[in-house]
1. Across region 213-239, which residue is farthest from the chain's Cα centre (by Cα) among those that are assigned to a helix (DSSP H, G or I) and under 27 Å from GLY190 (Cβ atoms)?
2. For ALA115, only one of the following conditions fails: (1) assigned by TED's automatic domain parsing to the domain that holds PRO241; (2) in contact with an Asp or Glu (Cβ under 8 Å, 6 or more places away or on another chain). What is its number?
3. Could you check, for region 44-54, whether at least one of its residues is in the same structural domain as PRO323 (by TED's automatic domain parsing), buried (at least 20 other Cβ atoms within 10 Å of the Cβ) and at pLDDT below 95?
4. From the set of residues in region 272-306 that are buried (at least 16 other Cβ atoms within 10 Å of the Cβ) and small (Gly, Ala, Ser), which is nearest to VAL45 (Cα to Cα)?
5. Checking the structure you have, find out if any residue of region 278-298 is over 22 Å from ASN110 (Cβ atoms) and in contact with a Gly (Cβ under 9 Å, 6 or more places away or on another chain).
6. Just the residues that are crowded, with 24+ Cβ neighbours inside 10 Å and not in a helix (DSSP H, G or I), please, taken from region 240-271.
7. Which residues, taken from region 325-341, are loosely packed, with under 14 Cβ neighbours inside 10 Å and small (Gly, Ala, Ser)?
8. Within region 303-315, is there a residue that is assigned to a loop (DSSP other than H, G, I, E, B), in contact with a strand residue (DSSP E or B) (Cβ under 6 Å, 6 or more places away or on another chain) and closer than 30 Å to SER260 by Cα?
Amino acid sequence: MDRRQFLVAGAGLAATVPFVGAARAQGIAARVGYIPIVGTAPFFVANGEGWLKQGGVEPAITVFESGPNMIQALASGTIDVYVAGVAPLAVARSRGVDIRVVASTAVGENVVVTAPSLTKFFTDGVAPAAAFKAFRAANGKPARLATQPPGSVPDTVLEYWLWEIAKVDKADVAIVPMGIDATQQAILAGAVDGGTVREPALTILQTRNPQIKLVAGGEEVFPGQPGTVVAVSGAFATKNPDAVQTVVNGLVKAAALIKSDPDKAAPHVAAALGKGIVDPALIRKALVSPASRFEIDLRKIIEPSRALQAYQVKLGSLDKEAPFDGLFDTRYYERAVKAGG
């Protein structure tokens with residue numbers, strides 16, 4: 001089922017609950033879906049430090065491969081909290097999925113890297129368009145770039161960089177959609193010639209193979225690039241407003257901790273993303289990477305999100321722009337800042 005078919009089918013599954021007043025966040029189970037990237041770090045730091053439990057929130061956490069895939073779980077009521085890219089949410093809401101963004105967690109996450117097969121063409125003074133053209137001339141085929149599915153933030157910002165900023169000839173590039181883990185493995189194995197990655201993939205890739213090159217940073221690929229957000233279903237927000245506030249309060253504190261003491265934050269993130277496999281020291285390095293910019297203030301991503309959506313329409317991954325009415329609920333963040341997190 002493609003993204004448009006799902007959103008139409010999923011619209012009728014959105015759960016709604018009438019407002020019942022502010023519920024105490026005591027022993028509230030929150031079913032959380034996330035994608036395994038460092039942009040989700042504030043959530044896992046808040047959870048690992050015990051701030052969510054102290055507020056009575058008990059997360060049950062499930063990993064997904066991309067934001068669009070997670071929309072199905074939201075629409076069916078399988079998860080309550082979404083920690084992933086902002087791009088699919090306005091469309092989901094326009095199709096009847098009652099979803100509300102309550103915080104940003106990171107911006108400028110997606111960067112473009114080249115595998116060794118393509119890196120050798122990205123020499124000093126050579127423009128990206130010329131590098132891609134030289135690759136095709138030398139290999140008789142376009143460079144293959146891996147990214148997440150159409151409609152996702154990684155795909156949208158990659159295409160923006162290729163066609164609008166770098167002015168690459170479309171004949172010189174083939175975009176290959178795949179999951180996050182598959183993208184990392186494909187770049188390492190040389191099955192593709194590059195792609196979009198986020199942390200910790202960038203640090204992992206460059207640690208394992210220094211010939212993997214960062215050729216475009218987050219702000220370069222899409223100015224003001226919005227990224228990972230925390231969103232909640234309307235039903236969960238209406239029934240459990242105190243629980244939502246607890247989560248956002250925790251995110252504000254977590255972002256401050258990551259900045260002031262990444263050594264303390266890293267084990268929480270490693271436990272969630274590394275599953276005991278990735279060295280916490282590597283995660284610590286990823287937390288302070290140029291590709292890691294933690295930002296909880298969702299007000300800063302509203303206009304960039306509109307620009308991102310407008311470009312999705314231009315690409316054809318969306319039929320038309322979806323209204324943002326009611327999508328961004330800034331009240332929780334504003335209260336959290338006023339209360340000092």
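The values are calculated or read from the model by the stated rules, or taken from the named source; none is laboratory data. In this text the structure is predicted, and so the values were computed from the model without any measurement. Ideal geometry is used to build each Cβ from the backbone, glycine not excepted, and the neighbour counts take in all protein chains shown.
1. Per the stated criteria, the residue is GLU220.
2. ALA115 satisfies all of (1) assigned by TED's automatic domain parsing to the domain that holds PRO241; (2) in contact with an Asp or Glu (Cβ under 8 Å, 6 or more places away or on another chain) except (1).
3. No, region 44-54 contains no residue that is in the same structural domain as PRO323 (by TED's automatic domain parsing), buried (at least 20 other Cβ atoms within 10 Å of the Cβ) and at pLDDT below 95.
4. By that ranking, first place goes to ALA272.
5. Here is the first cut: in region 278-298, the ones over 22 Å from ASN110 (Cβ atoms) are 279-281.
Those still in the list that are in contact with a Gly (Cβ under 9 Å, 6 or more places away or on another chain) too: 280.
Checked against the condition, which is being over 22 Å from ASN110 (Cβ atoms) and in contact with a Gly (Cβ under 9 Å, 6 or more places away or on another chain), region 278-298 yields at least one hit.
6. Result: ASN240, single match.
7. GLY326, ALA339, GLY340, listed by residue number.
8. Within region 303-315, none of the residues are assigned to a loop (DSSP other than H, G, I, E, B), in contact with a strand residue (DSSP E or B) (Cβ under 6 Å, 6 or more places away or on another chain) and closer than 30 Å to SER260 by Cα.
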